[in-house]
1. Please work out if Ala385 is farther than 25 Å from Asp429 by Cβ and either of a type in the set (A, V, I, L, M) or not assigned by TED's automatic domain parsing to the domain that holds Arg436 (or both).
2. It is to be established whether one or more residues within region 466-474 are charged (D, E, K, R) and in contact with a Lys or Arg (Cβ under 8 Å, 6 or more places away or on another chain).
3. I'd like the full set of residues that are among the charged types (D, E, K, R) and in a strand (DSSP E or B), limited to region 375-418.
4. Tell me the residue from Asp342, Asp351 that is out of contact with any Pro (no Cβ under 7 Å at 6 or more places or on another chain), closer than 19 Å to Pro311 by Cβ and touching a residue at least 40 places away in the same chain (Cβ under 8 Å), please.
5. Going by what's in this entry, would Phe112 be described as buried (at least 19 other Cβ atoms within 10 Å of the Cβ), more than 25 Å from Ala88 (Cα to Cα) and among the aromatic types (Phe, Trp, Tyr)?
6. Restrict the check to region 488-500 and report whether at least one residue is modelled with pLDDT of 95 or more and closer than 24 Å to Ala343 by Cβ.
7. Looking for whichever is in the same structural domain as Lys329 (by TED's automatic domain parsing), more than 20 Å from Ala352 (Cα to Cα) and either of a type in the set (Val, Ile, Thr) or modelled with pLDDT of 95 or more (or both) here; the options are Arg410, Arg436. Which one fits?
8. Quick one: count up the residues across region 419-438 that are in contact with a strand residue (DSSP E or B) (Cβ under 9 Å, 6 or more places away or on another chain) and either free of Cβ contacts under 8 Å to residues at least 40 places away in the same chain or part of a helix (DSSP H, G or I) (or both).
Amino acid sequence: MLYTKPPKVNSFKGDVFKSDLKALVIPVFQKEGKPLVDGIVEEANTFVNNALKNAIDLGQFKGEVSEVLKTFAENRLIVFIGLGDLSANKENKMENIRRSYAAAARALKDSFDRALFTVDDEKLDNDLKREAIIGALLGSYSLEVFKNEKKNKLKEVYFNVEEYIINEAVAIAEGVYLARDLANAPPNEVAPPKLVEKVKELFKGLKNVEIKVFDYDDLVKKGFGGIVSVGKGSDEKPRLIILKYKGSQKDEKPLAIVGKTIVFDSGGINLKPSQSLFEMRADKAGGATALGVLWSVAKLSLPINLVVLIPAAINVPSGSSYLPSDVIKMWDGTYVEVTNTDAEGRLTIADALAYAAKEFDAKEIIDLATLTGAAWIALGPLIAAYFTRDEDLSKLIEKASRITGEKLWRLPMEDSYKKLFSRKAPLGDVANAVARAGGAITAALFLERFVHGKPWIHLDIAGPGIGSDAQGLAPEYWPQGIAPGFGVRLLVEYLKNKVSKKN
């Protein structure tokens, strides 16, 4: 990964209670509101079983979701985790299991370098086993590369599940780790030229992945006016990174993902308030997620063709910055009148969307962006807004949301608001920003112009993409106070469903 690797996951064979590992995690479901002491719990030795029963009798353990009970027996730590109601529907059970195994990993990671996480074969199917592993790995995440004192000790975990389930879980978790690392990386570490080198190094040797990069001169010559304008104020000039994954037949049109990658957003000449600046290192969360998705898709060898476009830029004020009232000629020829330099992400994404639609003839396009404060205000730090006119795509993305627990809410594409764009742009074809009211909707309507009729989903991840105000609200598998890599699991599941639907 960019900075952080998940713990190594091994398949454990044999009696879990006879292992030499010093930390053992045992899951406990509820039935009719009470802890269910059967299955793998009942197989524990008398001392362990009695410890659990005593805690239950004293009301200290109820088996609720993410509840953790620690006890010591036979020179090892035993961690009982509550999984909630055994009769919950599968989607809720998946989320309960992710949260609970993440809570167990959090309880262990600062004290143990190895741990055995058990699952109950009789109660969990393969999907639920996979989610247990994903939960434990995501709960193990700590971004400590920039700290001298590192607390996270957990390097290796064991699960009593088959290797192929482990491999799938690890591929997905690695994509989330990559997205978290990049979204939270300091801007001085991943300025666009540096980001290019990191991406090349990271994806080097990954099967069926090709990388192409347009540097600043290329962007100017090819007419990427949106990307150039936003990024030209910085000494670290913008780049467009294009990654192609070929998992299907060569003549099959690709699905495209565009990720907003503003490495740092000061607002430009329309400077943000100082209290809003610190978290703007995460304004690249959309691009981070797009890269994480491609990583997981390649590791899973999904039989699709996928192109990911990363328009990387830094938006800062200087003598060469773009200005309010500038008129920009975009890659597709649209003239955009700049009403606000802090509505910069849509300019970079628009160029990439048009390129995906026309150059790659993408059969479908998805974009992710920490785009508008309006989406964050409306839905808070846990829920992303999404927009589409395609009902089939809507059904698929909402199904993926229910399975992964990454929450979405559909907002309308209100066509009457299009009148605002020409009203605010007396010189150009369209203004880049038109009103605070309905800001998430008008941003989506702006982007829609550049997909040129292709089936399209726009994900405004301003709240969950940044994640800084989600502490105390977020599930246990999110890191505390930093970007959680939102959207990787969602889109991997979405693409898996597309593949299974095609087959």
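The values are calculated or read from the model by the stated rules, or taken from the named source; none is laboratory data. As the structure is a prediction and not an experimental result, all values here were calculated from the model. A quick note on method: Cβ atoms are made from the backbone with ideal geometry, for glycine too, and the neighbour counts reach across all protein chains shown.
1. Here the answer is yes, as Ala385 does meet what is asked.
2. Within region 466-474, the subset charged (D, E, K, R) is 469.
Within this subset, residues satisfying the condition of being in contact with a Lys or Arg (Cβ under 8 Å, 6 or more places away or on another chain) are none.
Checking region 466-474: not a single residue is charged (D, E, K, R) and in contact with a Lys or Arg (Cβ under 8 Å, 6 or more places away or on another chain).
3. Taking region 375-418 as the starting set, the residues that turn out to be among the charged types (D, E, K, R) are 389-392, 395, 398-399, 402, 406-407, 410, 414-415, 418.
Across region 375-418, the qualifying residues are Lys407, Arg410.
4. On the way: Asp351 fails: out of contact with any Pro (no Cβ under 7 Å at 6 or more places or on another chain).
The match here is Asp342.
5. Values: buried (at least 19 other Cβ atoms within 10 Å of the Cβ): yes; more than 25 Å from Ala88 (Cα to Cα): yes; among the aromatic types (Phe, Trp, Tyr): yes.
So Phe112 fits the description; yes.
6. Looking through region 488-500, none of the residues is modelled with pLDDT of 95 or more and closer than 24 Å to Ala343 by Cβ.
7. Just a single option satisfies the conditions, and that option is Arg410.
8. Within region 419-438, the first condition is being in contact with a strand residue (DSSP E or B) (Cβ under 9 Å, 6 or more places away or on another chain), and the residues that meet it are 420-432.
Narrowing the set further to residues that are either free of Cβ contacts under 8 Å to residues at least 40 places away in the same chain or part of a helix (DSSP H, G or I) (or both) leaves 420-423.
Here the count works out to 4.
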